[in-house]
Amino acid sequence: MSLPQHLALIMDGNGRWAAHRGMSRTEGHEAGVKTAQKVYRHCRNLGIRHLTLYAFSKENWQRPKDEVSFLFGLVTRYFTQKELRELMERDIRLQVLGELEDLPATTRKVLESYMEKTAGNSSMTLNLALNYSGRDEIVRAARLLLQDGLRPEEITEEALASRLYTVGQPDPDFIVRTSGEYRLSNYLLYQAAYSELYFTHTHWPDFDEAELDKALAEYAHRQRRFGRTGEQVESPTK
Ligand code: FPP
């Protein structure tokens, strides 16, 4: 089966999942973290090399203060010594896509230490998009191009891509969004140029291994053309 090299997930619907059960939004997020763990382990077992999880967008700062601090507390509590051992045993490198400077100091410290300790792992890269916005990432890359003194003719797709948070990683082949919304919400805008998209009504906490396998089976049937005709793709020597 053809697997995406890079799978990117939009983990949506924690709040709705909780509301359907008469639970609080925070309980929905707690359940969402457990699902994230299940899913990254499954991806690692399958051999997916790059996994990106959209955990917190720049726009998410507009949520009620209590929810925002709960979410960062959740991230901070999640990264325990046990979790670090797990990442080391599974040879997984943690990366954060997004502006670390604006995060609460404790969250930032934990994440920085995890990134440092897992930097040498190479079987899978687990990207956490945190305080991330696709447009902001492109603007940031444009500023870096200027700061690095590039002349207009030196500004190429490669030069820009090498200044994105995802530098050195392939573009996402497959983007999956849960909970029935059909949009990208400022996610990986530059990198998503040729990504296959998949939407499911399942709320994130219910997105288990079987749901992921279903999505991956659909990916395996997609014909990726990258602007070519169907005929060219079927006979690449033409
Ligand atoms: C979307 O549900 C979910 C979020 C904005 C947060 C997702 C974050 C996590 C699951 C935590 C990830 C942390 C780690 C360590 C992997 P929503 O609140 O937008 O749900 P709703 O649209 O139903 O209200």
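Screening 106, 80 for residues that are hydroxyl-bearing (Ser, Thr, Tyr) and at pLDDT 95 or above leaves exactly one candidate, 106.
Screening residue 37 with (1) within 11 Å of the ligand (Cβ to nearest atom); (2) assigned to a helix (DSSP H, G or I); (3) surrounded by 15 or more Cβ atoms within 10 Å (Cβ to Cβ) gives one miss only, at (3). Considering the stretch 145-163, the residues that are at negative phi and among the small types (Gly, Ala, Ser) include one that is least open to solvent (accessible area, probe 1.4 Å), namely 159. Checking each residue in the stretch 107-122 for being of a type outside the set (Lys, Arg) and within 17 Å of residue 89 (Cβ to Cβ) picks out 114, 118, 119, 120, 121, 122.
When the residues of the stretch 89-144 are filtered to those that are surrounded by fewer than 16 Cβ atoms within 10 Å (Cβ to Cβ) and among the polar types (S, T, N, Q), the one that is nearest to residue 40 (Cα to Cα) is 123.
Within the stretch 25-34, if we keep just the residues that are more than 7 Å from the ligand (Cβ to nearest atom) and open to solvent by 50 Å² or more (accessible area, probe 1.4 Å), the residue that is farthest from residue 209 (Cα to Cα) turns out to be 27. Residues that are under 28 Å from residue 21 (Cβ atoms) and buried (at least 20 other Cβ atoms within 10 Å of the Cβ) within the stretch 164-199 comprise 175, 176, 177, 178, 179, 187, listed in sequence order.
Screening 194, 219, 198 for residues that are hydroxyl-bearing (Ser, Thr, Tyr), in a helix (DSSP H, G or I) and more than 16 Å from the ligand (Cβ to nearest atom) leaves exactly one candidate, 219. Examine the stretch 57-76 for a residue that is of a type in the set (Phe, Trp, Tyr), open to solvent by 20 Å² or more (accessible area, probe 1.4 Å), within 8 Å of the ligand (Cβ to nearest atom) and not in a loop (DSSP other than H, G, I, E, B), and state whether such a residue exists. No, the stretch 57-76 contains no residue that is of a type in the set (Phe, Trp, Tyr), open to solvent by 20 Å² or more (accessible area, probe 1.4 Å), within 8 Å of the ligand (Cβ to nearest atom) and not in a loop (DSSP other than H, G, I, E, B). Could you list, ordered by first residue, the pairs with Cβ atoms under 6 Å in which the first is in the stretch 217-229 and more than 15 Å from residue 172 (Cα to Cα) and the second is at pLDDT 90 or above and loosely packed, with under 10 Cβ neighbours inside 10 Å, at least 6 apart or interchain? Partner pairs satisfying both residue conditions: none exist. Does the stretch 6-20 contain any residue that is more than 11 Å from the ligand (Cβ to nearest atom), among the charged types (D, E, K, R) and either open to solvent by 60 Å² or more (accessible area, probe 1.4 Å) or more than 21 Å from residue 118 (Cα to Cα) (or both)? No, because not a single residue in the stretch 6-20 is more than 11 Å from the ligand (Cβ to nearest atom), among the charged types (D, E, K, R) and either open to solvent by 60 Å² or more (accessible area, probe 1.4 Å) or more than 21 Å from residue 118 (Cα to Cα) (or both). Summed over the stretch 224-238, residues that are part of a loop (DSSP other than H, G, I, E, B) and either modelled with pLDDT of 80 or more or of a type in the set (Phe, Trp, Tyr) (or both) total 5.
The values are calculated or read from the model by the stated rules, or taken from the named source; none is laboratory data. No experiment lies behind these values; they were computed from the predicted model shown. Positions of Cβ are generated from backbone atoms using ideal geometry, with glycine treated the same way; all protein chains shown enter the neighbour counts. Keep in mind that these areas ignore ligands, DNA and RNA; they rest on the heavy atoms of the full protein, side chains included. Shrake-Rupley method; radii C 1.70, N 1.55, O 1.52, S 1.80 Å.
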